[in-house]
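Take a look at the structure below.
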Amino acid sequence: MTVQGGIGQSIKRKEDARFIRGKGTYVDDVKLPGMLYLDIVRSPYAHAYIRNINIEKALKVPGVLAVIRGKDLEAANLAWMPTLMSDRQMVLPIERVMYQAQEVAAVVADSRYAAADGVAAVEVDYEPLPVVVDPRKALEPDAPILRPDREKKTNHIWHWEVGDRKGTEELLRKSEVVVKENIYIPRILVSSIETCGCVADLDPVSGKLTVWMTTQAPHAIRTVFALVAGLPEHKIRIISPDIGGGFGGKVPVYPGYVIAVVASLKTGHPVKWIEDRSENLQADSFARDYHITAEIGATKDGKLTALLVKTIADHGYTDAAANPSKFPAGLFHIITGSYPFAKAFVEVDGVYTNKPPGGIAYRCSFRVTEAAYTIERIVDILAQKLGMDPAELRLRNFIRPEEFPFKSALGWTYDSGNYHGALRKAMDMIGYDELRKEQEEKRKRGELMGIGISSFTEIVGAGPSHTFDILGLKMFDSCELRIHPTGKVIARFGTKSQGQGHETTYAQILAEELGIPADDIAVEEGDTDTAPYGLGTYASRSTPTAGAAASMAARKVRDKARGIAAHLLEVSPDDLEWKDHKFQVKGVPGKAKTMQEVAFAAYTNLPPGMEPGLEAVSYYDPPNMTYPFGSYICAVDIDKETGVVKVRRFVAVDDCGTIINPMIVEGQIHGGLTMGFAAAMLEEISYDENGNAWGGTFMDYLLPTAVETPKWETAKTTTPSPHHPIGAKGVGESATVGAPAAIVNAVMDALSPYGVTNIDIPITPWKVWKVLHEKGA
Ligand code: CDP
């Protein structure tokens, strides 16, 4: 017997009722009485001394009430703030700016327009300094030291390594075939529909600070605010209302949030700060920016042996990456991917440059995209060298289904997988053998067609708290569940949806566990005054952590409910079984009580001695990460004359274990594939030698529209996670992680007759045309 909206049903999203009517409440919809507006003066220079900031003219602009500078924050010890990676970041500078578009001062006014006029009237006297934009140059001995405030007088931030360096080098030396490639994964930016912003309201009477904020992690922000600003935590309320896309970009604390709080304190009014699009593109946390050298070894007949990866990570002027604290390079060491290497070694060096800080997990579980891209690219380059079909090379090497749980060469224990199954399904769907024949024919005619595969393994759901924390806060997540007397439910969570559909899918898990229709279950997230403590939503962690907490809280409720049902049925609790979403007397299916009947009794007719009410809370600390995977195959045609690449077909087979809502998962994959396509083909933030950002508007930072986006063909296999209560794995970012390598592998496959092994993304027509031109095609 099914329950309305139970697990596996494609019910429509509850939240869409308000979203499609334009009735969502985003931060910019929050309007409070007496609210003021904040706008920010930003640096035109990538590196400069600030000789003086003259605010006299700005203060005379009608409507301007205050101008805040770094020195105003210094007194309260707020000119700098800590980053999530234990570095420090300027809220407002005292003497130096470190990247173009950095915050320099802030203007508070009674309208957004007056604030903008005030910004234009602030006069800043800069003395330009030498700029370093290339992290490799930043490591040269004569490079200017960008962070003289640090004890270590170098631009090198940290070195991090994992694996067996000597063993890997030795095995590579002994390997019959070795290939090595330099791969650059450029800076990109999330570009959510909604930019960042907040409304800060420090009530001068109660002393309570309420901040409506675009944050993916409200509880963690509240604790950080309490620790940094010394405010009592119960007097801070962070509310994440509806969020128009987060994708990792709304995890960091941006200076604008802190300045708005200070502005509210200073003026005694609520203060709103909303970034505009160019500020978002030029100053928010970036993703990627990894300079990678990868080396892979194999036998002549294509058995993989060892993998060695060296990386320079450009972090801008401060390491403000959003990673679990123990992992400065995130979970990059998932880089052995779907393969059982005997030996592997990876090292990463973090470097300062004059660029915006960050290193966020853009729709990715902390550098997993960089890892998946690298391994799937280098495996294809190896196939090219071996003269072996890349599908055959993968099928020959994949970890076999019976080998799970599988310990990778770099120490992760993969929970479950069936990589052969996913790739074979994708090959059948796309008609792999026929495509290869077509390619042969086309090559004879001098036409360029390519087929690319990406068989990625992810690692999501941070985390077991013994390994994963953020600034010491253990990474678990939570669900608090209450059943009302009439059998309706309110459930609150420590995560925060940014468009993923949690109000629907969490209700579906609870519907399945409680036998109560999903329509009768309200889900709330994002208010620290009401939701249980949790670490938030990013890195596809919600389903593996809070989704599991939903099941566990429901099971706790069921334990109590069993006693009440037994009382109502006048039998012993042991005589009952939970079957068909009801408590039934074993062997007598007609004698049963529903959860709704039990709920009413929980407030009206309890067994003697039992506490009234029906509720539970679960803080779920997962025993392991979940390891979703997939196989994508892409077919491209390239126009020799223009270098334009056309993705003709793209087949995506994903496996995220048990699926809660197939329609939502398909939506997640469609969106993720489009973001992966964007990274492969269009998006990049680059800088000229003076640190001027190219890509500060959507005229230059190219997002795919419906015109460019290929038609996605999706399918699934189902390999449940053995440790998750309902067997689910995360899925939100699988497609962004897996897609780029499939597309680039297809392009390289098309160009392989010319001996081309790599073009760095984004694969623009100009880059392709140039290579073809150089090769005389
Ligand atoms: O943490 P985040 O919500 O971004 O990622 P997720 O846990 O992968 O979930 C994304 C969306 O897909 C949520 O609405 C999930 O409940 C849904 N999902 C699902 O229906 N089945 C799965 N096995 C995994 C996710």
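At a glance:
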item	result
Alpha carbon convex hull of segment 591-648, projected area averaged over orientations, nm²	11.1
Added length on full extension, which subtracts the Cα-Cα distance from 0.36 nm per residue, residue 20 to residue 465	156.4 nm
Given 11 as the ceiling on other Cβ atoms within 10 Å, longest exposed-site-free region of the chain for trypsin sites (Lys or Arg not before Pro) in DSSP loops	446-710
GluC sites (Glu not before Pro) restricted to DSSP loop in segment 570-614 with at most 13 other C-beta within 10 Å	570
Computed helical MRE - 222 nm, the chain, DSSP H runs ≥ 4 contributing -39500 (n - 2.57), nearest 500	-8500 deg cm²/dmol
Charge dipole (debye, nearest 20) of segment 1-125; +1 at Cβ of Lys and Arg, -1 at Cβ of Asp and Glu	560
Per-selection metrics, segment 75-165 (Cα): Rg and Dmax in Å	17.7, 60
Cα-based shape type of segment 159-228, given that a ≥ b ≥ c are square roots of the gyration tensor eigenvalues and the cut on a/c is 1.5	prolate
Percent RCO, i.e. relative contact order, over segment 448-581, from Cα pairs under 8 Å lying at least 6 residues apart	27
Prolate/oblate/rounded label for the chain (Cα gyration tensor, a/c 1.5)	oblate
Long-range amide H partners of residue 5 with built H, under 5 Å	518
FRET efficiency, residue 718 to residue 71 (Cβ-Cβ, R0 60 Å, nearest 0.05)	0.50
Lys, Arg +1 and Asp, Glu -1 on Cβ, resulting dipole of the chain about Cα centre, debye, nearest 20	720
Within segment 311-398, chymotrypsin sites (Phe, Trp or Tyr not before Pro) in DSSP loop having at most 16 other beta-carbon neighbours inside 10 Å	none
Farthest positive-ward along segment 301-383 dipole, Cα basis, beta-carbon charges - from 309, 345, 325	325
Positive-pole candidate from 630, 62, 37, dipole of the chain, charges at beta carbon	630
Integer Hz, Karplus 6.51/-1.76/1.60 couplings in order for segment 621-631, x for Gly and Pro	10, x, x, 7, 6, 9, 10, x, 8, x, 10
Cleavage-rule hits (GluC sites (Glu not before Pro)) in segment 144-226: DSSP loop, at most 16 neighbouring Cβ within 10 angstrom	151, 176
Within segment 514-528, backbone nitrogen closer than 16 Å to the virtual label 7 Å beyond the Cα of residue 226 toward Cβ	527-528
FRET efficiency for residue 193 and residue 266, using Cβ-Cβ distance with R0 set to 30 Å, rounded to 0.05	0.45
Amide H contacts under 5 Å for residue 15, placed H, 5+ residues apart	504
Rg/Rg_ref, segment 595-718, where Rg_ref = 2.2 N^0.38 Å and atoms are Cα	1.82
Residues in segment 261-297 that a label on residue 31 would reach, taking backbone N under 20 Å of a point 7 Å out along Cα→Cβ	269-276
Per-residue ³J(HN,Hα) for segment 370-375, Karplus 6.51 cos²θ - 1.76 cosθ + 1.60, θ = phi - 60°, Hz, x for Gly and Pro	4, 5, 5, 4, 5, 5
Unit charges at the beta carbon, dipole of segment 147-261: most positive-side option, 255, 157, 216	157
Electrostatic dipole magnitude of segment 169-224 [Cβ: Lys, Arg +1; Asp, Glu -1; Cα centre; debye, to 20]	80
Average Cα contact separation per residue, the chain, under 8 Å, 6 or more apart, as relative contact order %	16
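Coordinate-derived values only; no laboratory data. As the structure is a prediction and not an experimental result, all values here were calculated from the model. Cβ sites come from the backbone with ideal geometry, for glycine too, and all protein chains shown count toward neighbours.
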